[in-house]
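The values are calculated or read from the model by the stated rules, or taken from the named source; none is laboratory data. This structure is a prediction, so every number in the text was calculated from the model and none was measured. For neighbour counting, all protein chains shown are included, and Cβ atoms are generated from backbone atoms with ideal geometry for every residue, glycine included.
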Amino acid sequence: MTITADSGDRASLLDHDRRFFDALVAADTAALGGLLRDDFVIVAVNDGAVATAADLLGAVSSGDLRFPAVRSFPEEAVVRRVGDVGIVVGRTEMSFTGDDGTAFTAGSRYTHVFAADPAGGWRLVSAQGTEIRPAP
């Protein structure tokens, strides 16, 4: 069983990671839908709320949740593969606007869990973000 990702797995997982962020910024729900498994869940960086794939797609589609910018740092990412599971632990700087119109900017560490897709790609199963707060 592989614990660290080889260079091909690393490149593929980081590409899927980037495509997820790009789809959020573009509000491209078709692309998001293709990247997420039906049982996907996300834990929000700003308030710890848990949302399903349908919740995320609905909020992005309606414009209730907008991501004007997401910058990731793939060169810093820790990428592992354990059997048919790929895990990316990375860092972002992002801005987003919630359904109440409140704008947020956050640096975060995140964990994305991917499952191997029978077609040879990866599907995002889970995403969790933790805000990085400036030192006091």
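Residues checked against (1) part of a loop (DSSP other than H, G, I, E, B); (2) farther than 16 Å from Asp15 by Cβ; (3) touching a strand residue (DSSP E or B) at 6+ places or on another chain (Cβ under 8 Å):
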position: Ala31; (1), (2), (3): no, no, no
position: Ala54; (1), (2), (3): no, yes, no
position: Ser95; (1), (2), (3): no, yes, yes
position: Thr111; (1), (2), (3): no, yes, yes
position: Ala135; (1), (2), (3): yes, yes, no
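Looking at Ala116, Ala106 in this structure, which one is touching a residue at least 40 places away in the same chain (Cβ under 8 Å) and more than 20 Å from Thr29 (Cα to Cα)?
None of the other options fit; the residue is Ala106.
Just to check your reading of the model, which residue among Ala135, Ala59, Ala49, Ala53 is surrounded by fewer than 18 Cβ atoms within 10 Å (Cβ to Cβ) and closer than 17 Å to Gly33 by Cα?
One residue alone meets the criteria, Ala59.
When the residues of the stretch 1-36 are narrowed to those that are modelled with pLDDT of 95 or more and of a type in the set (D, E, K, R), which ends up farthest from Arg66 (Cα to Cα)?
Within the stretch 1-36, the match that is farthest from Arg66 (Cα to Cα) is Asp15.
Which is under 14 Å from the mean Cα position of the chain (by Cα) and under 21 Å from Gly107 (Cβ atoms), of Leu36, Leu57, Leu65, Leu24? Write out each step before concluding.
Details: Leu36 fails: under 21 Å from Gly107 (Cβ atoms); Leu57 fails: under 21 Å from Gly107 (Cβ atoms); Leu65 fails: under 14 Å from the mean Cα position of the chain (by Cα).
Only one candidate qualifies: Leu24.
Look through Val89, Val79 and report the one residue that is buried (at least 17 other Cβ atoms within 10 Å of the Cβ), modelled with pLDDT of 95 or more and more than 19 Å from Leu32 (Cα to Cα).
On the way: Val89 fails: buried (at least 17 other Cβ atoms within 10 Å of the Cβ).
Of Val89, Val79, the one residue that is buried (at least 17 other Cβ atoms within 10 Å of the Cβ), modelled with pLDDT of 95 or more and more than 19 Å from Leu32 (Cα to Cα) is Val79.
Of the conditions (1) touching a Gly at 6+ places or on another chain (Cβ under 7 Å); (2) acidic (Asp, Glu); (3) in contact (Cβ under 8 Å) with a residue 24 or more places away in the chain, Glu76 clears all except one; give me its number.
The one condition Glu76 does not meet is (3).
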